[in-house]
Amino acid sequence: MVLEGLDFEIIHACRRGEADAFRVLFEAYQDKVYSIALRYSGDRTTALDIAQDVFLKLLSSMQDFRGEAGFESWLYRLVVNRCLDYHRRSRRIRVMVEDALSAFTAPRETALHDLLRSEVEEQVQRSIDRLAPEQRIVVVLRYTEGMSYDQIAEILGCSMGTVASRLNRAHKALEKRLAPLRRMYE
Amino acid sequence: MNKNWLGPLLDRNLRPVAAPEELWERVCDPRPRPKPVLRLRLALAMIAAVATAWALHPRTASFDSQGASEMRAWVMDRTGLDVPLSPAAPIRLCGSTAFGNGSAEIRYKLRDREARILVAKAERYTQSHEFVSRTSSILRGQSYTVSGLDAQTACILCHVDPPAMN
């Protein structure tokens, strides 16, 4: 369920501190928020952390929402900012730590387990993880949320040309990395 | 811009997913969680511990040398065993191996016959040679077991004049 347009009643009820209204808002957007966080971070725990932070931020800053922009755009901006913020703080060291740990740990998953967890999806996610943050968020908004260029531009606060350019660079990188999967989708 | 195959691949594999039930619980009752920096510190500490354990883990190492004092120092450094190899002994040293359990093997030749002597910590201390068998003896808290020659002959590794066998 997603709120149609700007549902002022729900928003105002949230501002008045009505818990039921916030629950309605949460139910409407939890999958979207979590999906963006998960596809961006590639990690379930991190995605839960990001989604939790977004809804807490939403709750605390509901008073700041003036309604000039759509509620969804405002919420998406919170998600995107939290993703990028999380990324900036931890990614570089996290990747380094994960690489180092992998050198000491034996492979944990069997071939069968790999198959069950969808090797293709894993491979795509790994390729997404390697994209620069500004390219990755564009890819996630485009393919996870199915947004148009102008919607993405509005959320990121940049021009459509910038969105197109970032997406183009991301596509080129992904084409190279995912080339072995090409036959399955041609 | 977008290749025909890439769009469907990304559409399919980046599709939205349902949020887990626990998300609502976490929003209602935000639990304190370690900050990313703390998590990274914990992870780095774990790596350091694993790396230290790896570095300290006893492993087999070999050393090729013909110098008695050089080999004595190497064995001492690796195993803590002091094997007072004599530079004047009428043997030719070939090399040594330090084992993870704290023992060492010294390879040498005596009149073109190859021999090996295994040195380890002994359970008891004796001031002079105590021959346990024809191939083993104990001296000053270290046991010496030789292969290829008899134990008495091995004594010339350290002594030019070997002691008489009991």
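The values are calculated or read from the model by the stated rules, or taken from the named source; none is laboratory data. As the structure is a computational prediction, the values presented were derived from the model and not from experiment. Cβ: placed from backbone, ideal geometry, glycine included. Neighbour counts: every protein chain shown. To get the accessible areas, we keep the full protein, side chains included, count just its heavy atoms, and leave off ligands, DNA and RNA. Shrake-Rupley method; radii C 1.70, N 1.55, O 1.52, S 1.80 Å.
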- Message: Need a quick list: helices (runs of 4 or more DSSP H) entirely within region A:1-93 having at least 3 residues that are surrounded by fewer than 18 Cβ atoms within 10 Å (Cβ to Cβ) and either at pLDDT 90 or above or at the interface with another protein chain (Cβ under 10 Å from one of its Cβ atoms) (or both).
- Response: A:19-41, A:44-60
- Query: Do we have any residue at all in region A:100-120 that's basic (Lys, Arg) and at pLDDT 65 or above?
  - Reply: no
- Query: Between residues in region A:134-150 that are farther than 15 Å from A:SER41 by Cβ and residues that are open to solvent by less than 30 Å² (accessible area, probe 1.4 Å) and assigned to a loop (DSSP other than H, G, I, E, B), which pairs lie under 8 Å by C-beta distance while being six or more apart or on different chains?
  - Reply: A:TYR143/B:LEU14
- Message: Among the residues in region B:65-83, are any of a type outside the set (Ser, Thr, Tyr) and at the interface with another protein chain (Cβ under 9 Å from one of its Cβ atoms)?
- Response: no
- Message: I need the full set of residues from region A:128-156 which are closer than 16 Å to A:LEU174 by Cα, in a helix (DSSP H, G or I) and open to solvent by 10 Å² or more (accessible area, probe 1.4 Å), in order please.
- Response: A:ASP129, A:PRO133, A:GLU134, A:GLN135, A:ARG142, A:TYR143
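Results for (1) assigned to a loop (DSSP other than H, G, I, E, B); (2) touching a Phe, Trp or Tyr at 6+ places or on another chain (Cβ under 9 Å), shown as yes or no for each residue.
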| residue | (1), (2) |
| --- | --- |
| B:LEU10 | no, yes |
| B:ALA19 | yes, yes |
| B:ARG39 | no, no |
| B:ALA49 | no, no |
| B:TRP54 | no, yes |
| B:LEU81 | yes, no |
| B:SER86 | yes, no |
| B:LEU93 | no, yes |
- Checked B:ALA45, B:ALA89 against criteria (modelled with pLDDT under 90 and not assigned by TED's automatic domain parsing to the domain that holds B:SER103); the one match is B:ALA45
- Query: What pairs come up if the first residue lies in region B:17-29 and is within 17 Å of A:ASP43 (Cα to Cα), the second is open to solvent by 20 Å² or more (accessible area, probe 1.4 Å) and not hydrophobic (A, V, I, L, M, F, W, C), and their beta carbons are under 7 Å apart, counting only those six or more places apart or on different chains?
  - Reply: B:ALA18/A:ASP31; B:ALA19/A:GLN30; B:ALA19/A:ASP31; B:LEU23/A:GLN30
- If you go through region B:121-135 one residue at a time, how many are surrounded by fewer than 18 Cβ atoms within 10 Å (Cβ to Cβ) and either over 25 Å from the mean Cα position of the chain (by Cα) or of a type in the set (Ser, Thr, Tyr) (or both)? 8
